[in-house]
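Asks: Okay, here's the structure, questions in a sec.
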Amino acid sequence: MKDFFASYYPKTKEGLQELWNSGLFVFDASVLLKLYELTATSRRAFVAVLTHIADRVWVPHQVAAEYYINRSRVINDQIEMANALLGTLKRIKKDVRNALPKEHPFLDEKLVEEIVKACQRARDRLRKRRNKYQQLLERDDIREELGHILSGRVGEPYDTDRLVEICDIARKRYSARIPPGYADENKAQGNPFGDVIIWMQILDKAKIEKCHIIFVTDDRKEDWWIDDAAGELNPRQELVDEMQRKAGVMLHMYTPETFLEDFNVYFKKPKVREGVIEELAGLGAWETLKQAALQAQAQLSHTYQLPAVLDQMSTNLRALRNDQISAKQIQLSWPRAADAFRTLQTYLQSSTFPRTAPSWLKPYSPSAEEPPESGDQDVEPKNNGD
C-alpha cells in the first residue's frame, strides 16, 4: 500500500536528509517578491541563504515571469503603506494640538510640543527611508542580486500550443478540484492558470533531472497545503503522489520561514537568526488572512464591494479575537465563505499571530474627514523636510 500512498506517511529523518543533500530547491514568485517586504537585515540574510545554495536553485519560467510582472506592484504597495503611516503621524500632530483646552491641570504647551516634535522626527526619518526604498523602481539592487543568483537557473518557457493545452488541462483539474491552482479559478487579476503552469514546469524538470524537489512558496492556500493534526502545513498528498508517479522522485514543500528553520538544521552556515524567521512568519500570517479575504470576496455576490467586505471582516476578526463571537457565527453570516473564515480562525488562534493589523485590514470608513494622503503635504517648516 505504501507504494501508492507514500504521501500519507511522514518523512523520515533519512528521507529529509536525502532531500537536503541532493534535492533541487525550487522557489515560487511569492518568495522572490517577499524580499521586497523584508527589513534590510532580514533580506540580506535570505539572500545569503540563496547564494549559499545557488548551484542547486532553479525557478520555472512562469515563476520568473510572475516576479517581473508583480515586482513594481509589490514595491508600490510598500510605499503606499509608508504613505499611510506618514498621514497618520501628521493627523496625530494635529489631534494632539487640538485635543486639549488652553488650560489643563497636568499637560502644558511644552509637553504637547514635545509630542508634536517626536511625531515630526518620526515622519522625517520614515520619509527618508521611503524615498530611498522608492529608488528600487528605477535602480533595483534586489533584482540585480536575484539576477546573479538565478543566472542560468531559470527554466525554458512553454510555446503557445503547450500553454493552450495546459489551460485546457487546468480547467478540467479545477472542475475536479485537483491541486494546485483551483483556488485561483475566480482570480480577478493575473493568470488564473499560473499555478498549474508552474506545477507542470516543475514536473517536467523533475522528470528530466531525476532529482527530488524542495518547493518553497508563500502561497498558503488550500490547493497547495493541508493542515495536519498539530496545525502544521504539509503539501497536499495529491501533489506528492503526482510527483512520485510522473517523475519518480520525492516532493517536499516549505513556507519561507519553515524553509529557513530547516536550513539551520541541515546546513552549518550561514546561520539564520531567529528574528529573521519570526519576521517571515508574521508576514506569512497576514498573507494568509489577505488571501482568505480575497477568496471570500470571490465567493460572495458581485454586488458586494471589497472595502465593505474587509470592513465587516475586520470587525469580525476583532470580535473573534476578543471572544465576543464564535467562528460559527461568522460562517453563518457568509455561508459561502465558510472555508475562508475557518482559515482565519486557525491563524487567529496561533500563538505567533501578529497583533498589529496591516493597512488592508483596517476598517473601511467612507465618512473619514480626509482621504489617505501621500505624507508629503506637510505644513511643518521647510527645514524639517528631506
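Asks: Highest mean first, what order results for 11-21, 274-284 on Cβ atoms within 10 Å? If you can, show how the numbers build up before the last one.
Replies: On the way: 11-21: 13.7, 274-284: 18.3.
Packing proxy ranking, top to bottom: 274-284, 11-21.
Asks: Nearest 0.05, what FRET efficiency do residue 11 and residue 143 give at R0 = 56 Å with Cβ-Cβ as r? Provide the component values of the computation, followed by the final result.
Replies: Values: r = 34 Å, r/R0 = 0.62.
About 0.95, to the nearest 0.05.
Asks: Sticking with this structure for a sec: Hey, how much of the P(r) for the stretch 74-141 falls beyond 15 Å, as a percent of Cα pairs? Show your work: numbers first, answer last.
Replies: Working: 1354 of 2278 pairs.
Within the stretch 74-141, distances greater than 15 Å cover 59 percent of Cα pairs.
Asks: Percent relative contact order of the stretch 74-141, based on C-alpha pairs within less than 8 angstrom and at least six residues apart? Walk me through the intermediate numbers first.
Replies: On the way: 30 pairs, mean separation 36.0, N = 68.
This gives 53 percent for the stretch 74-141.
Asks: Separation between the residue 266 and residue 186 pseudo-spin-labels, each 7 Å from Cα along Cα→Cβ, expressed in nm?
Replies: Output for this residue pair reads 3.8 nm.
Asks: Moving on. Can you put 79, 169 in order, fewest other beta carbons within 10 Å first? Could the numbers behind the result be given before it?
Replies: On the way: 79 18, 169 15.
Listing 79, 169 from fewest to most nearby Cβ atoms yields 169, 79.
Asks: Here's something else I'd like to know. Report the Stokes-Einstein translational diffusion coefficient (µm² s⁻¹, integer) for the stretch 130-185, Rh taken as the Kirkwood radius over Cα pairs, at 37 °C with viscosity 0.692 mPa s. Display every interim value, and only then the final one.
Replies: Working: Rh = 14.8 Å.
Stokes-Einstein gives a translational diffusion coefficient of 222 µm²/s.
Asks: May I pose another question? Among 41, 217, which comes first, then next, by fewest other beta-carbon atoms within 10 Å?
Replies: 41, 217
Asks: Continuing with the same structure: In percent, how large is the relative contact order of the stretch 168-246, given Cα pairs closer than 8 Å and 6 or more residues apart?
Replies: Numbers: 58 pairs, mean separation 22.4, N = 79.
Once normalised by length, the contact order is 28 percent.
Asks: Whose amide H sits under 5 Å from the amide H of residue 254, counting only residues 5 or more places off or on another chain, with H placed in the peptide plane?
Replies: Those qualifying (amide H under 5 Å, at least 5 residues apart or on another chain) are 215, 216, 217.
Asks: Report the extension gain between residue 44 and residue 134 in nm, rounded to one decimal, defined as 0.36 nm multiplied by the number of residues separating them, less their alpha carbon distance. The partial results should precede the final answer.
Replies: Details: separation 90, 0.36 × 90 = 32.40 nm, distance 1.82 nm.
Gain on extension, residue 44 to residue 134, equals 30.6 nm.
Asks: Continuing with the same structure: Amide H to amide H under 5 Å from residue 226: which residues, 5+ apart in sequence or cross-chain, H placed 1.01 Å off N in plane?
Replies: HN-HN under 5 Å from residue 226: 234, 236.
Asks: If amide hydrogens are placed 1.01 Å from N in the peptide plane, which non-local residues have theirs closer than 5 Å to the one on residue 155?
Replies: 59, 61
Asks: Can you compute the FRET efficiency between residue 177 and residue 278 using 1/(1 + (r/R0)^6), with r the Cβ-Cβ distance and R0 = 22 Å? Round to the nearest 0.05.
Replies: On the way: r = 34 Å, r/R0 = 1.55.
Computed FRET efficiency for residue 177 and residue 278 comes out at 0.05.
Asks: I've got another one for you. Return the sequence-ordered ³J(HN,Hα) values of the stretch 201-218 in whole Hz as given by the Karplus equation 6.51 cos²θ - 1.76 cosθ + 1.60 applied to θ = phi - 60°, using x for Gly and Pro.
Replies: Result, rounded to whole Hz: 5, 5, 4, 4, 5, 5, 5, 6, 7, 6, 10, 5, 10, 10, 9, 10, 9, 9.
Asks: Could you put 158, 133, 182, 266 in order, starting from the residue whose Cβ has the fewest other Cβ atoms within 10 Å?
Replies: Working: 158 18, 133 15, 182 21, 266 11.
Placing the least packed residue first, the sequence is 266, 133, 158, 182.
All of the numbers you see were taken from the coordinates with simple rules; none came from a lab. Small disclaimer: the values here were computed from a predicted structure and weren't measured. We place every Cβ from the backbone using ideal geometry, glycine too, and count neighbours over all the protein chains shown.
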